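Each remark here refers to the structure printed beneath this line.
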Amino acid sequence: MIVFLRGIVRHLSSASADLDVSGVGYRVFITEPHAKSLISGEETFVYTYHHVREDTVQLFGFESESLRDWFELLIGVSGIGPKGALQILSGASVNEFAVAIQEEDVDTLCKLPGIGKKTAQRLVVELKEKVGKLEWSKLGVNQTKPMRPTQLKQHPFEEDAAAALVSLGYPEKFAIEKVKAVLSQGRYESVTEVIRAALQQLVP
């Protein structure tokens, strides 16, 4: 089983990346935000899920272990396949999705790509108990109960970037303020860029 890869990005699309790992090529399916954060010709590291079926073998890649954990939860829901799970992860932050599941917010879930009302209801029924038994920190949410989306203005990178700073030991309020300040100073193409910029400002 392949659980992570480090290699050079040789080809990129909005849905996949071809990685050259010591001369061996691997096609890894990824979320659209993840694809936008990669640069062809540069080295990258991805956590992977090795999807094996009788008629196909595929690799799905993630920027963090917590995103891979969410992916595994999603494909365990009846009717949600690997590609559908990636679409869901492309359409919402970890925090937004966790809140929607815990609060049985079917309307919010229906706004995600490829999710109708019946599928949204099934997500709530099949995931709420499973998610409730897990530590939020292991799923990339750094509170006993996740922050509501309204606690942060809805820039697409704010919540995940602030959560990353909290996981590094910075106080939540400080992390949120720092991320907001960084985002007000320029344009960023990925969560990783926001985190890097915030950390650079924190170095004396």
Quick one: count up the residues across the range 174-203 that are basic (Lys, Arg) and at pLDDT below 80. 1
Are there any pairs, at least 6 apart or on different chains, whose C-beta atoms fall under 7 Å, with the first in the range 165-188 and among the small types (Gly, Ala, Ser) and the second part of a loop (DSSP other than H, G, I, E, B), and if so, which? Ser167/Asn142
Given (1) touching a residue at least 60 places away in the same chain (Cβ under 8 Å); (2) more than 22 Å from Tyr188 (Cα to Cα), Glu63 misses just (2)
What pairs can you find where one residue is in the range 95-106 and outside the structural domain of Ala161 (by TED's automatic domain parsing) and in a helix (DSSP H, G or I), the other is among the β-branched types (Val, Ile, Thr) and at pLDDT below 80, and their Cβ atoms are less than 8 Å apart, with a gap of 6+ or different chains? Asn95/Val141; Ala98/Val131; Ala98/Val141; Ile101/Val131; Gln102/Val131
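Quick one: is Leu38 surrounded by 14 or more Cβ atoms within 10 Å (Cβ to Cβ) and touching a residue at least 40 places away in the same chain (Cβ under 8 Å)? Steps first, answer last, please.
Working: surrounded by 14 or more Cβ atoms within 10 Å (Cβ to Cβ): yes; touching a residue at least 40 places away in the same chain (Cβ under 8 Å): no.
Spelling it out, it is not the case that Leu38 is surrounded by 14 or more Cβ atoms within 10 Å (Cβ to Cβ) and touching a residue at least 40 places away in the same chain (Cβ under 8 Å).
Of all the strands (runs of 3 or more DSSP E) wholly in the range 17-90, which have at least 3 residues that are under 17 Å from the mean Cα position of the chain (by Cα)?
Details: elements: 24-29, 43-53, 56-62.
The qualifying strands (runs of 3 or more DSSP E) are 43-53, 56-62.
The values are calculated or read from the model by the stated rules, or taken from the named source; none is laboratory data. The structure displayed is predicted, hence computed values, not measured ones. Please note: Cβ atoms are built from the backbone with ideal geometry, for glycine as well, and neighbour counts cover all protein chains shown.
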